[in-house]
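S.K.: Please see the structure below; I have some questions.
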Amino acid sequence: MPQLTEHRLPNASALADALATHVSERLREVLKVQTSAVLAVSGGKSPIPFFQALSMTDLPWHAIHITLIDDRCVPNDHPDSNAALVRAHLLRNYAKSSAFSPLIDWDPASDAPDFDAVAASASDVIQKIGRIDVAVLGMGPDGHTASLFPMAPQLSTGMDLGAKPGCLRVSPQTAPYERISLNLAAILNSDTICVAIGGGADKHAVYEDAKRETTNQYPISHVLRHTADVPTVSVWLHN
């Protein structure tokens, strides 16, 4: 199993700055040997300072394609849309010249789409973009990552490493909204994975359990304990 590296920072601001530096350095390395790079990011409120710090980094953003790890099945202008969050906080400053491919494109003036069809379309997008060079994941207090939630009826499908890398619809039992999420095969097809974990004793305890436990009861365990040579995985925590 590849070595897991940990970075423990004193607060959320320090984590955002350090993670932005790490991700930008990795993207620069990729662009030394490739003409383009793919960055996949997670949503929620926690990544906002990281997005803001990364957007202020002078990179060849025109050569960087951004997509999402997962998103909630809500209209484009909904306050809980991860795509809206990326547009507001990452696709600005230097990063405004990057390309962005959301996983769901729901016109607020239209009725709800067929979410299974949306997942199939999102899979096509991910396969067209190509392998993810840097993926930035989060982790919930129940050990979920992306929208691969414990107890979701689609979890076993999403965790199937024999599946083609892509997306699936997920119906969380413990969180609002239907979701579109990368499957584990797509996540572990990345070259570099960063897992950003916020403060709080409960989350830190779940992380410590997840990196040691052997039953893979937590979806994040499949990332932390993967057995392939790549991707490399780093974990970023703050007090």
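The values are calculated or read from the model by the stated rules, or taken from the named source; none is laboratory data. Note that the structure is predicted; figures quoted are calculated from it, not measured. Cβ coordinates were reconstructed from backbone atoms using ideal geometry, including for glycine residues, and neighbour counts include every protein chain displayed. In case anyone asks, the SASA skips ligands and DNA or RNA and just uses the protein heavy atoms, side chains included. Shrake-Rupley method; radii C 1.70, N 1.55, O 1.52, S 1.80 Å.
S.K.: Starting from 0.36 nm per residue, how many nanometres of slack lie between Asp209 and Asp229 once their C-alpha separation is accounted for?
M.R.: Length gained between Asp209 and Asp229: 5.0 nm.
S.K.: To continue, here is another question. From the square roots a ≥ b ≥ c of the eigenvalues of the alpha-carbon gyration tensor of the range 113-197, which class results: rounded (a/c under 1.5), prolate (a/b over b/c), or oblate? If you can, show how the numbers build up before the last one.
M.R.: Details: a/c = 1.71, a/b = 1.09, b/c = 1.58.
Oblate, because a/c is 1.5 or more while a/b does not exceed b/c.
S.K.: Report in % the part of the accessible area of the chain that belongs to carbon and sulfur, leaving out ligands and nucleic acids; probe 1.4 Å. Walk me through the numbers before you get to the answer.
M.R.: Values: 5360 of 10530 Å².
It is 51 percent, rounded to a whole number.
S.K.: Same structure, new question: Report the label-to-label distance for Thr21 and Ala175 in nanometres (one decimal), using points 7 Å from each Cα along the Cα→Cβ vector.
M.R.: According to this spin-label approximation, the distance is 2.9 nm.
S.K.: Quick test of the membrane-span-like rule: which DSSP H helices of the chain reach at least 15 Å along their long axis (C-alpha atoms) with mean Kyte hydropathy at least -1.0? Display every interim value, and only then the final one.
M.R.: Values: long enough: 12-33 (32 Å, 0.36); 115-129 (21 Å, 0.76); 201-212 (17 Å, -1.47).
For the chain, where a helix must reach 15 Å along its axis and average at least -1.0, the hits are 12-33, 115-129.
S.K.: Now, a different point. Cα gyration tensor of the range 29-98, axes a ≥ b ≥ c as square roots of the eigenvalues: rounded (a/c below 1.5), prolate (a/b > b/c) or oblate?
M.R.: Details: a/c = 2.27, a/b = 1.76, b/c = 1.29.
Verdict is prolate for the range 29-98.
S.K.: Calculate, for the chain, the solvent-accessible area per residue in square angstrom, rolling a 1.4 angstrom probe over the heavy atoms of the protein chains.
M.R.: Working: 10530 Å² over 239 residues.
For the chain, the solvent-accessible area averages 44 Å² per residue.
S.K.: What is the total of Lys pairs in the chain with C-alpha atoms under 29 Å apart, excluding same-chain pairs fewer than 8 positions apart?
M.R.: Lysine pairs meeting both conditions in the chain amount to 11.
S.K.: Sticking with this structure for a sec: Shape of the range 1-70 from its Cα gyration tensor (a ≥ b ≥ c, root eigenvalues): rounded if a/c is under 1.5, otherwise prolate when a/b > b/c, or oblate?
M.R.: prolate
S.K.: Could I ask something else about it? In nm, give the distance between the simple-model label positions of Ala185 and Arg131, each being 7 Å from the Cα along the Cα-to-Cβ direction.
M.R.: According to this spin-label approximation, the distance is 1.6 nm.
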